[in-house]
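The values are calculated or read from the model by the stated rules, or taken from the named source; none is laboratory data. Quantities reported herein were computed from a predicted structural model and do not represent experimental measurements. Here the Cβ positions follow ideal geometry from the backbone for every residue, glycine too, while neighbour counts run over all protein chains shown. These area figures cover heavy atoms from the full protein model, side chains too; ligands, DNA and RNA do not enter into them. Shrake-Rupley method; radii C 1.70, N 1.55, O 1.52, S 1.80 Å.
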Amino acid sequence: MAAAAVARAVPVGSGLRGLQRNLPLVVILGATGTGKSTLALQLGQRLGGEIVSADSMQVYEGLDIITNKISVQEQRLCQHHMIGFVDPLVTNYTVVDFRNKATALIEDIFARDKIPIIVGGTNYYIESLLWKVLVNTKPQEMGTDKVNDRKVELEKEDGHELHKRLSRVDPEMAAKLHPHDKRKVARSLQVFEETGISHSEFLHRQHAEEGGGPLGGPLRFSNPCILWLHADQAVLDERLDKRVDDMLAAGLLEELRDFHRRYNQKNVSENSQDYQHGIFQSIGFKEFHEYLITEGKCTPETSNQLLKKGVEALKQVTKRYARKQNRWVKNRFLSTHIKSKSHLHQVKKRRLDSDAINTVESQSVSPDCDKEFKEKRSPGQNDQELKSSI
């Protein structure tokens, strides 16, 4: 298995105690459906590490199937963190909340002489752990009714008007954002309103810090080892379609019906449903909106058509999301103009099946290595470099 191949060079358990200063922060990236959770579990067992989920939807309780949470049985095999601890009615849980809790967990794992393994597909959650890239505004008490979330208030306004206001206070950031990208525009306005400093100025200051650069501020942890799980798109598309079918067989519709009845039915009746915040934005919930609100109120034929429409929409949205995740990796790590201090190791799967990785090709793709250097190195040498970094 790939995890065993990667981890052979590392002794398990107490043998790591003398290496605390050199313990890596292992980060597993990749599109949905490439087997990140499986690899993380294998590495966690082999290295005696602990897994920190970086998935913005898995932090919530509920919708275990649609958010593809790892099973309770698998969690018993290796300690997992940051899964299923936020109430589903909370809609103001942010990446800052995640970063604050996750970084404390990572530091605690290091303090116990263990390797933290970050795994997930929420790109900006992962960025918040790798680099100092976030801007802190006014502190908020997550989960209370007293919270006055300025960003949420701003998002209710017209996108073009918001963009005009941003152009006046932060023209540099406004030039980078489309008026339709209301959430990012609102966030930049929030930063200015609550700090008096433009969002772009904050970012310039982070980049100028020692160790900063095009990717953001300095690295949070000095020894990251980043693994990118990648698959040919045609193979991944087929796998993702099958995964949706497997979700249906595992009870997806029952899960959606129950969640809709408990948390969303009242909002729908009041025409106040919100599929833009919290767990309600999960891929796979809003796609079945029409089916859920009309079930039992229309003919069986119509209901079946709406079900098929929801299934097809889920498959298409999932595949688009996988492409978006891969674009982020390429833009953030592999662009020729970026010089990152961390190494990204690509584990390219030639086969994707339920047993995860059977045939792999390990390849170092560090942006710091020039083309000639990479051409001279054999796959075996690159594989050894990967082992050594862990």
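Quick notes on this one:
- Where helices (runs of 4 or more DSSP H) fall entirely within the range 235-320, those with at least 1 residues that are among the aromatic types (Phe, Trp, Tyr), touching a Pro at 6+ places or on another chain (Cβ under 9 Å) and open to solvent by less than 70 Å² (accessible area, probe 1.4 Å) are at 252-259.
- The C-beta contact set for the range 189-202 (first residue within 18 Å of His178 (Cβ to Cβ) and assigned to a helix (DSSP H, G or I), second residue open to solvent by less than 10 Å² (accessible area, probe 1.4 Å) and charged (D, E, K, R), distance under 6 angstrom, 6+ apart or interchain) comprises His199/Asp170; Ser200/Asp170.
- Among residues of the range 169-188, those that are assigned to a helix (DSSP H, G or I), touching a residue at least 24 places away in the same chain (Cβ under 8 Å) and touching a Ser or Thr at 6+ places or on another chain (Cβ under 7 Å), counted: 3
- Where helices (runs of 4 or more DSSP H) fall entirely within the range 14-128, those with at least 1 residues that are crowded, with 21+ Cβ neighbours inside 10 Å and modelled with pLDDT of 95 or more are at 36-47, 95-111.
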